[in-house]
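Inspection log for the structure reproduced underneath, given as structure tokens.
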Amino acid sequence: MNLYNIKHPEEQVNFAQAVRQGLGKNQGLFFPEVLPQLENIDELLNLPLVERSQKILSALIGDEIASETLNAMVKNAFTFPAPLAKVSEDIFALELFHGPTLAFKDFGGRFMAQALAAVRGDGKITILTATSGDTGAAVAHAFYGLANINVVILYPKGKISPLQEKLFCTLGGNIRTIAIESDFDACQALVKQAFDDVELREAIGLNSANSINISRLLAQVCYYFEAVAQLPKEKRSEIVVSVPSGNFGNLTAGLIAKTLGLPIKRFIASTNANDTVPRYLKSGEWSPNATVATLSNAMDVSRPNNWPRVEELFKRNGWALGELGSDALSDAETEAALKAQHAQGYLCEPHGAIAYQVLKDQLQAGETGIFLCTAHPAKFKESVERILDIELPLPEALDKHNKMELLSDTMPADFMKLREYLLVE
């Protein structure tokens, strides 16, 4: 598999290099030079999740990794289902929260851990990543206890749910967590600064587990196929997918799936008040505002890191950006959407509620809608219970960590302080 740096196309790497390196020079994102057209899509859709995903990832990565190794990586990573739940006659929910940390990031995080173990070579590795809520837990649990891999996770202090925080800030060992006294964009900026520091990068073997890492992104492609596979065949011709969008890695994976040949008619990027992309699609002007805190905190991102990959896909495929649907919901609208879902008999949480409502508003006659449910409602226990006036029991995975002590350090958004922290074993 050959990949190029979107900012500097002359920088080319193979899959192993991209996984180990994370980012290219000048913080450029790596992207596959060729995306294959998969044949016999219907036959693929008839396969079980793991077997189908092995074939998809083999087609993407090529023979760089031995087929037995790649098959084992997928089997070890995808140990949980992604069921499609019917919400109404033409709207379905793809539930991506059945993994060990109850969020869609488990797919990418676990596959990345398998990929890095396969291609890492010698020397120390430090995973540095920023999270707006769910990445942290997925990465922490995927890499916890792996020899010679240290993980440092930055998150915005007070701006993720208490249960999200407990899920990854209670592990200790090779997992270190830092509450940054700012927002997610500041956390992400610190990660980028670290990658630009060549001396630091080489000293600690720096890597990232954000969706900037291509291995995470490719793993996410697989659950779009799983969604379509579960639809009745008569509903597969006019599919619209609504993606709750923050850093836009999830949408990028869906667009890759469409490029491979998955029959998706169109996508909708659904955001909260951090609406840089919906405004850009309407006006043509890229003008990020200051990030604001919302009920759907994992989408509190004003400068989405994966947007260059989205534009690259549209350009390469000859698609018009105007074909991408979008809208943004306020917190009040999010609460109303959550109540509407619950009235229909479906329990969701703020991110999925936004994706549902925007889909419902934009779905046309004859279309079948799928919205992505990216986290278990119990991860947002306080807000969901308040909005719906119900009591949510905690799943065992959350209850266990909720009783444990927080082990996080606190730090201002100061790169020199972070640099010093990273250089200390």
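Details
- The relative contact order of the chain comes to 20 percent, based on Cα pairs under 8 Å that sit 6 or more residues apart.
- Greater than 21 Å apart at Cα, pairs in Lys25/Lys417; Lys166/Lys381; Lys25/Lys75; Lys166/Lys400; Lys75/Lys105: Lys25/Lys417; Lys25/Lys75
- In sequence order, calculated HN-Hα J values of segment 73-86 (Karplus, 6.51, -1.76, 1.60; Hz; x Gly/Pro): 4, 5, 4, 6, 7, 9, 9, 9, x, 9, x, 9, 10, 7
- Over segment 221-300, the fraction of Cα-Cα pairs per 5 Å bin, rounded to whole percents and listed from the shortest bin up, is 3, 14, 22, 20, 16, 13, 8, 4, 1.
- Solvent exposure of segment 24-130 amounts to 40 Å² per residue of accessible area, where only protein heavy atoms count and the probe is 1.4 Å.
- Solvent-accessible surface (1.4 angstrom probe) belonging to Tyr421, in square angstrom, nearest 10: 40
- Accessible carbon and sulfur surface of segment 244-299 relative to its total accessible area, %, 1.4 Å: 53
- For segment 174-184, 3J(HN,Hα) per residue [Karplus equation, 6.51 cos²θ - 1.76 cosθ + 1.60, θ = phi - 60°, Hz, x = Gly/Pro]: 8, 10, 10, 10, 10, 7, 8, 7, 5, 9, 4
- 3J(HN,Hα) couplings calculated from phi for segment 112-125 with the Karplus curve 6.51 cos²θ - 1.76 cosθ + 1.60 (θ = phi - 60°) are, in sequence order, 4, 4, 5, 5, 5, 4, 6, 10, 5, x, 8, x, 7, 10 Hz; Gly and Pro show x.
- Between Val87 and Phe92, Ala93, the built amide H atoms are under 5 Å apart, and every one of these is 5 or more places off in sequence or on another chain.
- Relative intensity, log₁₀ I(q)/I(0), of the chain from a Debye sum that treats every alpha carbon as a point, q = 0.08, 0.09, 0.11, 0.13 Å⁻¹: -0.39, -0.50, -0.78, -1.14
- The residues Arg201, Arg266, sorted by heavy-atom accessible surface at 1.4 Å with ligands and nucleic acids left out, run Arg201, Arg266 from largest to smallest.
- Pairs of Cα atoms nearer than 8 Å and 6+ residues apart set the relative contact order; for segment 1-155 it is 17 percent.
- The alpha carbon gyration tensor of segment 130-198 gives principal lengths a ≥ b ≥ c with a/c of 1.5 or higher and a/b no greater than b/c, which makes the shape oblate.
- Space enclosed by the convex hull of the alpha-carbon atoms of segment 126-282, per residue, Å³: 147
- A simple charge model with +1 on the Cβ of Lys and Arg, -1 on the Cβ of Asp and Glu and nothing else charged puts the dipole of the chain at about 320 debye relative to its Cα centre.
- Distance in nm between pseudo-label sites at Asn2 and Lys25 (7 Å out along the Cβ direction from Cα): 1.9
- List Leu407, Leu321, Leu171, ordered by accessible area with a 1.4 Å probe, largest first: Leu407, Leu321, Leu171
- Its relative contact order, with pairs defined as Cα atoms under 8 Å and 6+ residues apart, puts segment 269-425 at 19 percent.
- Sequence-distant residues sharing a close amide H with Glu238 (under 5 Å, placed H): Thr368
- Modelled FRET efficiency - R0 22 Å, Asp196 with Lys417, Cβ distances, 0.05 increments: 0.85
- Label point 7 Å beyond Cα of His98 along Cβ direction - residues of segment 223-242 with amide nitrogen under 16 Å: 223-232
The values are calculated or read from the model by the stated rules, or taken from the named source; none is laboratory data. In this text the structure is predicted, and so the values were computed from the model without any measurement. Here Cβ is always computed from backbone atoms with ideal geometry, including for glycine, and neighbour counts include all displayed protein chains. Accessible surface is based on the protein model in full, side chains and every heavy atom, while ligands, DNA and RNA are left aside. Shrake-Rupley method; radii C 1.70, N 1.55, O 1.52, S 1.80 Å.
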